[in-house]
Amino acid sequence: MIGYELPSSVSVGGTEFPIRTDYRVVLDVFAAMNDADVPAYARGELIGIMMFPDWDKIPIGKKCEAVERVIEWIDQGNHDDGKPHPRLIDWEQDANLIVPAVNAVAHTEIRALPYLHWWTFLAYYMDISGESLLSTVLTIRQKRAEHKKLEKWEQEFYRKNKDRVDLRTRETAEIKAEKEQIEKYL
C-alpha cells in the first residue's frame with residue numbers, strides 16, 4: 001500500500017472488491033469489535049458486512065482473506081510487531097477528545113463533512129501534537145501504563161479527571177444483568 005493514494009478497494013484472491021472508506025464506517029467497526037456482546041466468532045463476518053458493500057459477492061472460501069485485507073487496509077499496511085502494548089485510546093470513549101484535536105489539525109469541522117477517507121482522518125489524527133486535552137489524557141495514560149511518575153500538574157489533572165483518563169471496561173449484557181440481580185439482594 002502506497003501512502004500517496006486513497007484506495008477504495010482491496011484485492012481478495014486477485015479480484016478487487018470495493019470497500020467503504022469513510023472514517024465513520026471504520027470507527028463503527030471499532031465500536032462493534034469492542035462490543036462485549038458481539039461473540040468472537042461473529043466479528044469477522046461483522047467486519048465484512050460493514051466494510052464491503054458487496055460482501056455477499058465474495059466467495060465463501062475467500063471471506064477470511066477479505067477480512068484480513070480490509071484490516072491491513074485499516075492499518076495502512078502497517079504490521080503489528082507482535083509485542084503487547086498498553087491500550088491508550090478508546091475511539092468511542094475518547095470521541096469528544098479526538099474530534100476537537102482532529103478538527104484543529106484539519107482546520108475544519110470533520111463531522112460536517114459528507115465524506116472523509118479513513119486514511120485522511122488517520123493522517124490528521126497522527127499529526128495531533130502540542131497541547132490538547134487528548135494529548136494530556138494520552139500522556140497520562142501512557143505514563144500510568146508504564147508505571148512512570150506523573151508530574152504534579154498531571155497528578156492534579158488525573159485526580160480531577162479520573163473518569164476521562166481511565167479507560168472503561170466493557171461488560172456483556174449478561175454480566176450487567178448478573179450485577180443488577182446481585183445489587184437487588186444487597
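None of the figures in this text is laboratory data; all of them are computed from the coordinates on show. Source: prediction; values computed, not measured. Here Cβ is always computed from backbone atoms with ideal geometry, including for glycine, and neighbour counts include all displayed protein chains.
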Expressed as a whole-number percentage, the relative contact order of the chain with C-alpha contacts under 8 angstrom and at least six residues apart is 24
Plugging the Cβ-Cβ distance of His79 and Trp153 into 1/(1 + (r/R0)^6) at R0 = 30 Å yields, to the nearest 0.05, a FRET efficiency of 0.20
To the nearest 0.05, the calculated FRET efficiency linking Ala42 and Ile71 through their beta-carbon distance, R0 being 22 Å, is 0.90
Note to self, the chain gives a 222 nm [θ] from helices alone (DSSP H runs n ≥ 4, -39500 (n - 2.57) apiece, / all residues, nearest 500) of -15500 deg cm²/dmol
All alpha-carbon distances of the chain, grouped into 5 Å bins from 0, give the whole-percent distribution 1, 6, 13, 15, 16, 16, 13, 9, 6, 3, 1, 0, 0
Arg164 and Ala32 label points (each 7 Å along its Cα→Cβ direction) are spaced in nm at 3.2
The aspartates and glutamates whose Cα lies under 19 Å from the Cα of Lys149, excluding any fewer than 8 residues away in the same chain, are Asp166
Length gained if Arg111 through Leu133 is fully extended, taking 0.36 nm per residue and subtracting the Cα-Cα distance, is 6.1 nm
